[in-house]
Each structure stands twice: as structure tokens, then as C-alpha cells.
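> Have a look at this one.
The values are calculated or read from the model by the stated rules, or taken from the named source; none is laboratory data. Everything numeric here is computed off the predicted structure, so don't read it as measured data. Backbone-built Cβ (ideal geometry, glycine too); neighbour counts: all protein chains shown. Heavy atoms of the whole protein, side chains included, go into the accessibility calculation; ligands, DNA and RNA do not. Shrake-Rupley method; radii C 1.70, N 1.55, O 1.52, S 1.80 Å.
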Amino acid sequence: MHILICEHSIDGIFSGIYEAYARRYGHRNTELALSCNLNSYQLFCEYEEIPVAEAKSRKVSNTLRARFGSEVYSHLCEAISAYESPSARRRSIDKAEAVYKTVVLGLSLADGSKILDQLGNPYVNRVFQLSRSTFNEAHHLLGFLRFSELENGILFARIHPKNDVLALLADHFTDRLPLENFIIYDQVRKIAAVHKSGSNYMLAEVPNGADDYAKHYSDQELEYRRLWLAFFHSIAVEARKNLHLQGQNLPKRFRPDMVEFHSDSSDHPASLKL
Amino acid sequence: MQITQEMSLIEKLHILTDAAKYDVACTSSGVDRGGNGKSMGNCLAPGVCHSFSSDGRCISLLKILFTNECIFNCSYCLNNCNNDVKRASFTPEEICTLTMEFYRRNYIEGLFLSSGILISPNYTMDLIYQTLYRLRHVHHFNGYIHVKAIPGADPVLVEQTGFLADRMSINLELPTSESLHRLAPYKSRKTILKPMRQIQNRIQQNKYALLEQNRGTLCRTVGHETGEVSSARNPQAPRFVPAGQSTQMIIGATPENDFQVMSVAEGLYQNFGLKRVFYSAFVNVTNNTNLPMLPQGPPLLREHRLYQADWLLRYYHFQVSELLSEERPDFNIYLDPKCDWALRHLECFPVEINQAEYRTLLRVPGIGYKSAQRILQARKHTALTFADLKKIGVVLKRALYFITCGGKMMYRTKLEEDYICRNLIGDRSQIPREIRQSSYQQLSLFDLGHV
Ligand code: SF4
């Protein structure tokens, strides 16, 4: 058995898939594994590290887009971006391997766009579950993300997502707010999506954090926060109060980044006087 | 009006949100509209929740009244003219500013504008129209707008407003015209159903017009295959209420049973082409003696069963006459309506997962419409087992009494009503956690008189 070890990223796994085809050991004799998943080495297996190669990765992504269509392609990317807890990771098929075998199966079909229907197949099923978890978190954040207006008019949002959803979010807000200057900062991965009015966004690494950026709010910012809090508290129906349901729908982990759940700052509802 | 001029914006927002909150519809769903690069906003068909209030309900739209002044006297409503509450009115510009500033901070998905009736239905409808016009054409807002049509307003105003909105609604308020007459004497079935019909017809006409136009564009582009771009750049005809219309009924203020309520809903879906009917458990806010006092809190579990039944109508091809009848006019409060139906039709079961057709799968408790679709896809490639069903998302603890995989049931079990019923009721998820845990509901579970 040949085990190709690849980096945990879209480029890393696509480079691995490229090599798996190029080496012609036969798909049955080849497995992909993420470097972070390798704790022990098995006997009778040959291990090779596959370096990230952008050109090869691009060839793979072009082929997949052409053969599977953009919808399945983005599900594959979402699956790769999905977060898994270490224990979940140990219990299930390696993510790189699941994507690889799904691709092999898909390319053997006349119509690759149907590949994700084969939920009875364990590799496909795994890819489906992973992409669903990324998609769900991204969809949550489309609503839960909060922008604050900085002194210079730029809208700034901070997020702490489990999955790597920044690009999905940036796509959405570029379409929605084309004329705004905005920054979405993923504090977990220290990456920011930066959007300039009238153009597309760019991703930038921010190794030193974004705190210096986001210190000074515009004069209006606190006013609109107060208005939002007034709305947020008035809209609840007292006779239906149900914090359990609220907790079920809006998991606690999102709340530190949402102004209506801040309790420490001066814009707390308690300090709001009508 | 004098007072409202001096009121601060935050105080108005407080009053006019408080007065709008009993309207249950807050979804931003039903229309897909990409951004246009020039103005602010887009729409996603599934809708987006931006927050959840302390009652656990989704906040998607800035849901406010234009004014809580009202010349009508509906007895269930806080704003009725006999009630002594603080009154306030927004200006159109204030609503635009709030919407734009909340939207760019991603607090909301759009606006839901309703109103009490100030001076006259026409006067009020015109104010609403002015507001939407400013929002769309001065502030270039391209996000979601849900607006109320005011019963009794001039059809021309309703029509103009509809071209600026994504969804329109007129609340039916109560299931029968007798109840409406008793509790909302200034409203009538006629003033509610007339604009509803008008909106329905206009949506239809608009769809045809767009189809015609697209066909025109298509011919022209084909004719000019090599030709100039300009011919394809045909301005889109304005769309009328693209996300469809919805309505709301208050549940538990009047004596109608579930059969009456669901039959009305079915009629609205079939004859008025409504997108959604919402059910609102009655909250007695006015302490009016004409109305039930409900010391156990609003009938939330009954409301929940009605929503479940509503799903069965819209997504599962059920008819009301299959679920309820004159002899059995109310749902079993302990079971969801689909389990209840299955128990009374054991002759239809068990069904074989690897063979049953889509509509048959839909009727199995524990199989949702998404799981049913996944089953159809997945079984083309392999014979499905119970383990596969679990991965697909089927709730086996409910489904297991009603299905076979490859001719075998999951466990040896009796296909017998009492036995299955006892097991299903023993499953606590029959009553959703949010209702079990809601402190207001503990008594009313057994007090609703619906069992
Ligand atoms: S018309 Fe009736 S329901 Fe509407 S605001 Fe006036 S009193 Fe309330």
C-alpha cells in the first residue's frame, strides 16, 4: 500500500490527488492521508510526503469543475474546509482519503455531477457530512456576523468559525454590499477578507491580529447599536419567553461576536435609558 | 401626533416594535435576487436568521409598525382605539435610515412594515407606499421587503406597493367570519379577501408577462447571435411580490376547532395561491372580557401541531380530510399529526425502503422529504440497510415500526396500533423540547382539552 501524505488545505489535498493519479500505483493500492492524522506508521506501507504544488492543484481543480460542475466542486471544497474535533477525526475515514476516493468514483461516472447522490458509499457519505457541517456554519454566519463602522467608514467584522468559511462569507457580502469598504477578520486563522468599494475582495494574512485596526468606532456606531438593542429587546414576546429555544437556535459560541449579547461594554441594554 | 414629533427615535422604535411583535411571520424567504453591483442588498431564497430573541424566535427582518395609532377597535389588539397606550409614528425617512443602517451592519435581512390605521385605510396605505418608494428609489435598497396590505385600501395603492415589495400579506386574523365580526367589527371577510384575490391575480399576470418578455429576449438574442450586446440588454419588467403572499390566523381566541382552522388554510393554499399561512397562539394582551384569559399561557403546543399539519399539506401531499373530520375535529396533542395518521392507517405499512415510491416514503413517520429524496438517489446504487438510513438522516426510532429494508424489519415488532402508539408516545421528542421546557406550558399540556 502506498500512502501519500498531504497538507491539510485545498491545495494540499488536490496536489495529493494529482500525484495519486500521476504515480499509477492503482487507486486500490493508494491512499491519501493528512499529515496531521499520522500518529503511527503501519507495516508494509510506503509513505511519501507530497509537497503543495499550486500548478498541479489548479489542474485538478479545473478538471473537477469541468467534470462535476461548480456545485459539486464547491461541496468538495467545503468538505476540505470543514473542522473536525480530534476524536471525531480518529474515528472516521481520513478526510483526504475520502475526497480522493470520491473523486476517483466520480470520474468513473458518465455524469460526475451525480456523485454526491451515492450516499450509500462510505467515502461519498463522509464528504457529504463534512461539507454539510461547513455549509451549515457558513449559513449561520451569514446572519450572525456583525459589522461595526470604524472611524474611517470601513465596516469591520470579527468571526471565530470552527470551519474555514471566510471565502464563502466574503463572496456573499461582496455581492450584498458592493459599494462598502469592509473587512471580515477570522481571528482563529488570522486571515482577513478585505473588500474595497466596487471591486472584488482579497484574502490577506494578518499574523499580528487586527486589534489596532478596530479600535475606534465612528460617532454613529454606538447610536445604531443602541437602536438595535432597543429593537432586539422589544421584539421578544414575554408570554413566550424561552431561553432554551433561543440557546438551541443560537449556539453560545457565536455570541461573543454579536453586539446584542455583549454584556461588559457601555452599550449594554441595562445602561440604555429611554 | 403632537407628542410623536418630540419623541426620540429610540423611543419610537421601542413602541413600534413592541406593537408589531405579535405578528408571527418573520421569514425572509422565497426569492433569490443577486446583488446588482450598484446598490445595497441581495436576497437568498431559503431566508437568513440574523438573531434569536429571548422567546427563541428568529429575527430576520426589522419588524415594525409605521404607526400604532388606529381608528379600528379589534378587541384582541393592543393598538385598538379604545386602548390607553402611548402612541407613536415614524416618518418615511426614519424608517429608511433605520433599515439601511441596520442592513449594512448585517443586523437584518430587510424590512417588515405593518401599520395601525391612521386617519383612513387609504391614507395609511399611501404612507406605506411612500416609505417603500423612498427606500427603493432614493436609498437604492435591494434587500427583502415584506409589507402589509391594509384592508379596505384602494386597489391602485395596493398594486403600486406590490411592485416595490417582495412579499405582501393581509391577515385573515380569525378562521370564521362570525369570529371576525365579533372581535374585529370594522373588518370583514370581504375587505380581507378582496385584496388577497387582487394580489393573487396580479402575481399571476406578472409571471406571464415576465415569461412573454423572456421569450422575446430569447428570440432576439438568438437572431443576433453575432450581433451587438445592446439587444440583449432588455430592461427587466418590474416584479410584483416575487416571494408571494402570506397570511396569519390567531389560534385560541375563538372556539374554532383544528378541522375548521386547517380547512381554511387548505382553502387559502388551493384557491388563493398563498405561499404561507401562519398560526399565532393567542396572547391576551388587552384583558378584554370577550376573550379567553388563558392563565396557563398561550396554546403553544396546539400551535405547534397546526404548523406540523401545515407542513403535511405543503410538502407531503396530505389533505385535511385525511387528517381530521367532523367526528374527529382536533389533533391528538400527544402525537405529531403524521404519526397519528400512520397509526390509523396501519394497513398501508410496512413499506419497503428499496422499492416504495416517493409519495409512499413521504408518509412514513421519521422520514422527512429530504431524507426521502436522498433514499431515492442512494438506492439506485446499492440496496439500503438500516445503518444507511441512519446516515441519511431518517429518525429510526419512529420509522422502525413502519418500514422494511430488504424485506426485514429492524426488530421483531408488532404492527398493532396500541403497541406502537405506546412506544411512540413514550418517545419524549413527540413534544418538542422547546415546549417541554417552556415554563409557561407545563400546566397547559394537559389542560388544553384537545386530547
Ligand atoms: S386594525 Fe385592528 S389589528 Fe390592526 S392595528 Fe388597528 S386595532 Fe389593531
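> Could you grab me the full set of residues in region B:259-299 that are in contact with a helix residue (DSSP H, G or I) (Cβ under 6 Å, 6 or more places away or on another chain), open to solvent by 30 Å² or more (accessible area, probe 1.4 Å) and under 30 Å from B:SER321 (Cβ atoms)?
Those that are in contact with a helix residue (DSSP H, G or I) (Cβ under 6 Å, 6 or more places away or on another chain), open to solvent by 30 Å² or more (accessible area, probe 1.4 Å) and under 30 Å from B:SER321 (Cβ atoms): B:SER263, B:GLU266, B:GLY273.
> Moving on to the next point. Among the residues of region B:77-90, what is the count of those that are farther than 14 Å from B:THR124 by Cβ and either within 13 Å of chain A (Cβ to nearest Cβ) or near the ligand (Cβ under 7 Å from one of its atoms) (or both)?
The number of residues fulfilling the criteria is 5.
> Taking region B:58-72 only, how many residues are within 16 Å of the ligand (Cβ to nearest atom), open to solvent by less than 10 Å² (accessible area, probe 1.4 Å) and over 16 Å from B:MET168 (Cα atoms)?
2
> Of everything in region B:166-197 that's within 13 Å of the ligand (Cβ to nearest atom) and among the hydroxyl-bearing types (Ser, Thr, Tyr), which residue is farthest from B:PRO46 (Cα to Cα)?
Residues of region B:166-197 within 13 Å of the ligand (Cβ to nearest atom): B:169-174, B:180, B:183-188, B:191-192.
Subsequent filtering for residues that are among the hydroxyl-bearing types (Ser, Thr, Tyr) retains B:169, B:186, B:188, B:191.
Working: B:SER169: 18, B:TYR186: 36, B:SER188: 33, B:THR191: 31 Å.
Of everything passing the filter in region B:166-197, B:TYR186 is farthest from B:PRO46 (Cα to Cα).
> Can you name the condition, by its number, that B:VAL31 falls short on among (1) within 16 Å of the ligand (Cβ to nearest atom); (2) under 17 Å from the mean Cα position of the chain (by Cα)?
Result: B:VAL31 passes all but (1).
> Okay, moving on. Inside region B:99-215, counting only strands (runs of 3 or more DSSP E) that do not spill past its ends, which hold 3 or more residues that are without any contact (Cβ under 8 Å) to a residue 40 or more places away in the chain and under 22 Å from the mean Cα position of the chain (by Cα)? Walk me through how you get there before you give the answer.
Details: elements: B:110-114, B:144-148, B:167-169.
It comes to B:144-148.
> Here is a follow-up. Which numbered condition in (1) part of a helix (DSSP H, G or I); (2) of a type in the set (Lys, Arg); (3) exposed (fewer than 15 other Cβ atoms within 10 Å of the Cβ) is the only one that A:ARG24 fails?
Answer for A:ARG24: the failing condition is (1).
> When you go through A:SER9, A:SER15 one by one, which is the residue that is at pLDDT below 90, closer than 26 Å to A:HIS75 by Cα and open to solvent by less than 70 Å² (accessible area, probe 1.4 Å)?
Numbers: A:SER15 fails: at pLDDT below 90.
The conditions single out A:SER9.
> Now a separate question. Just to be sure I understand the filter: pairs with C-beta atoms under 9 Å, separated by 6 or more residues or on different chains, first member in region B:47-76 and farther than 18 Å from A:GLN248 by Cβ and within 7 Å of chain A (Cβ to nearest Cβ), second member open to solvent by 10 Å² or more (accessible area, probe 1.4 Å) and within 11 Å of the ligand (Cβ to nearest atom). Which pairs pass?
B:LYS63/B:ASP23; B:LYS63/B:SER114
> Identify, by number, the condition in (1) in a helix (DSSP H, G or I); (2) more than 14 Å from chain A (Cβ to nearest Cβ); (3) in contact (Cβ under 8 Å) with a residue 24 or more places away in the chain that B:GLN270 doesn't meet.
(3)
> B:LEU157: modelled with pLDDT under 85, farther than 21 Å from B:ASN73 by Cα and among the aliphatic types (A, V, I, L, M), yes or no?
Numbers: modelled with pLDDT under 85: no; farther than 21 Å from B:ASN73 by Cα: yes; among the aliphatic types (A, V, I, L, M): yes.
Against the criterion (modelled with pLDDT under 85, farther than 21 Å from B:ASN73 by Cα and among the aliphatic types (A, V, I, L, M)), B:LEU157 does not qualify.
> For a quick check of your reading: which helices (runs of 4 or more DSSP H) sit entirely within region B:323-418 and have at least 1 residues that are farther than 27 Å from B:LEU301 by Cα and not β-branched (Val, Ile, Thr)? Before you say what the answer is, go through the steps one by one.
Values: elements: B:337-343, B:358-362, B:369-378, B:386-392, B:396-399.
Per the criteria, B:358-362, B:369-378, B:386-392.
> Something else about it: Can you pull out every residue in region B:318-335 that is open to solvent by less than 20 Å² (accessible area, probe 1.4 Å) and within 15 Å of B:PHE259 (Cα to Cα)? Break it down stepwise before answering.
So in region B:318-335, the residues open to solvent by less than 20 Å² (accessible area, probe 1.4 Å) come out as B:318, B:320, B:323-324, B:331, B:333, B:335.
The answer is B:PHE318, B:VAL320, B:LEU323, B:LEU324, B:PHE331, B:ILE333.
> Residue check: is A:TYR100 open to solvent by less than 20 Å² (accessible area, probe 1.4 Å) and in contact with a helix residue (DSSP H, G or I) (Cβ under 8 Å, 6 or more places away or on another chain)? Spell out how you get there, then give the answer.
Numbers: open to solvent by less than 20 Å² (accessible area, probe 1.4 Å): yes; in contact with a helix residue (DSSP H, G or I) (Cβ under 8 Å, 6 or more places away or on another chain): yes.
It is true that A:TYR100 is open to solvent by less than 20 Å² (accessible area, probe 1.4 Å) and in contact with a helix residue (DSSP H, G or I) (Cβ under 8 Å, 6 or more places away or on another chain).
> Shifting gears a bit: Determine if region A:221-229 includes at least one residue that is under 23 Å from A:HIS160 (Cα atoms) and surrounded by fewer than 18 Cβ atoms within 10 Å (Cβ to Cβ).
Taking region A:221-229 as the starting set, the residues that turn out to be under 23 Å from A:HIS160 (Cα atoms) are A:221-222, A:225, A:228-229.
Subsequent filtering for residues that are surrounded by fewer than 18 Cβ atoms within 10 Å (Cβ to Cβ) retains A:222.
Yes, some residue in region A:221-229 is under 23 Å from A:HIS160 (Cα atoms) and surrounded by fewer than 18 Cβ atoms within 10 Å (Cβ to Cβ).
> Within region B:17-40, can one find any residue that is among the aromatic types (Phe, Trp, Tyr) and either out of contact with any Leu (no Cβ under 6 Å at 6 or more places or on another chain) or not assigned by TED's automatic domain parsing to the domain that holds B:ILE145 (or both)?
Here is the first cut: in region B:17-40, the ones among the aromatic types (Phe, Trp, Tyr) are B:22.
From the residues that got through so far, the ones that are either out of contact with any Leu (no Cβ under 6 Å at 6 or more places or on another chain) or not assigned by TED's automatic domain parsing to the domain that holds B:ILE145 (or both) too are B:22.
Yes, some residue in region B:17-40 is among the aromatic types (Phe, Trp, Tyr) and either out of contact with any Leu (no Cβ under 6 Å at 6 or more places or on another chain) or not assigned by TED's automatic domain parsing to the domain that holds B:ILE145 (or both).
> Residue under question is B:HIS181, and the condition is that it be open to solvent by 50 Å² or more (accessible area, probe 1.4 Å), at pLDDT below 90 and within 29 Å of B:PHE66 (Cβ to Cβ); does it hold?
On the way: open to solvent by 50 Å² or more (accessible area, probe 1.4 Å): yes; at pLDDT below 90: yes; within 29 Å of B:PHE66 (Cβ to Cβ): yes.
So B:HIS181 fits the description; yes.
> Run down A:GLU48, A:GLU31 and say which single residue is among the acidic types (Asp, Glu), assigned to a strand (DSSP E or B), over 25 Å from A:ASP164 (Cα atoms) and not assigned by TED's automatic domain parsing to the domain that holds A:ALA167.
Details: A:GLU31 fails: over 25 Å from A:ASP164 (Cα atoms).
None of the others qualify; the one that does is A:GLU48.
> Which is at the interface with chain B (Cβ under 7 Å from one of its Cβ atoms), more than 19 Å from B:PHE52 (Cα to Cα) and in contact with a Leu (Cβ under 8 Å, 6 or more places away or on another chain), of A:LEU145, A:LEU155? Before you say what the answer is, go through the steps one by one.
Numbers: A:LEU145 fails: more than 19 Å from B:PHE52 (Cα to Cα).
When all the criteria are applied, what remains is A:LEU155.
> Suppose we filter B:PHE141, B:PHE163, B:PHE112 for residues that are more than 16 Å from the ligand (Cβ to nearest atom) and either under 22 Å from B:ARG189 (Cα atoms) or within 14 Å of chain A (Cβ to nearest Cβ) (or both); which single one remains? Before you say what the answer is, go through the steps one by one.
On the way: B:PHE163 fails: either under 22 Å from B:ARG189 (Cα atoms) or within 14 Å of chain A (Cβ to nearest Cβ) (or both); B:PHE112 fails: more than 16 Å from the ligand (Cβ to nearest atom).
So the residue among B:PHE141, B:PHE163, B:PHE112 that is more than 16 Å from the ligand (Cβ to nearest atom) and either under 22 Å from B:ARG189 (Cα atoms) or within 14 Å of chain A (Cβ to nearest Cβ) (or both) is B:PHE141.
> Is it the case, given these coordinates, that B:GLU94 is more than 30 Å from B:ALA281 (Cα to Cα), in contact (Cβ under 8 Å) with a residue 12 or more places away in the chain, part of a helix (DSSP H, G or I) and out of contact with any strand residue (DSSP E or B) (no Cβ under 6 Å at 6 or more places or on another chain)? Give the derivation first.
Numbers: more than 30 Å from B:ALA281 (Cα to Cα): yes; in contact (Cβ under 8 Å) with a residue 12 or more places away in the chain: yes; part of a helix (DSSP H, G or I): yes; out of contact with any strand residue (DSSP E or B) (no Cβ under 6 Å at 6 or more places or on another chain): yes.
The answer is yes for B:GLU94.
> If you don't mind, another one. Can you tell me which residues in region B:295-323 are touching a Ser or Thr at 6+ places or on another chain (Cβ under 8 Å) and not acidic (Asp, Glu)? Write out each step before concluding.
Initially, region B:295-323 is screened for residues touching a Ser or Thr at 6+ places or on another chain (Cβ under 8 Å), giving B:296-297, B:299-301, B:303, B:320.
Once the filter is applied, which keeps residues that are touching a Ser or Thr at 6+ places or on another chain (Cβ under 8 Å) and not acidic (Asp, Glu), region B:295-323 yields B:GLN296, B:GLY297, B:PRO299, B:LEU300, B:LEU301, B:VAL320.
> Of everything in region B:16-27, what is more than 7 Å from chain A (Cβ to nearest Cβ), away from the ligand (no atom under 13 Å from the Cβ) and either open to solvent by less than 20 Å² (accessible area, probe 1.4 Å) or of a type in the set (A, V, I, L, M) (or both)? Give them in sequence order.
Of everything in region B:16-27, those that are more than 7 Å from chain A (Cβ to nearest Cβ), away from the ligand (no atom under 13 Å from the Cβ) and either open to solvent by less than 20 Å² (accessible area, probe 1.4 Å) or of a type in the set (A, V, I, L, M) (or both) turn out to be B:VAL24, B:ALA25, B:CYS26.
> Quick one: in region A:200-219, which of the residues that are in a helix (DSSP H, G or I) and surrounded by 12 or more Cβ atoms within 10 Å (Cβ to Cβ) is nearest to the other protein chains (Cβ to nearest Cβ)? Break it down into steps so the answer makes sense when it comes.
Within region A:200-219, the first condition is being in a helix (DSSP H, G or I), and the residues that meet it are A:213-215, A:219.
Add one more test, that the residue is surrounded by 12 or more Cβ atoms within 10 Å (Cβ to Cβ), and what stays is A:213-214.
Working: A:TYR213: 17, A:ALA214: 14 Å.
In this case the residue turns out to be A:ALA214.
> Residue check: is A:LYS273 under 28 Å from the mean Cα position of the chain (by Cα), modelled with pLDDT under 85 and farther than 30 Å from A:SER9 by Cβ?
On the way: under 28 Å from the mean Cα position of the chain (by Cα): no; modelled with pLDDT under 85: yes; farther than 30 Å from A:SER9 by Cβ: yes.
Answer is no for this residue.
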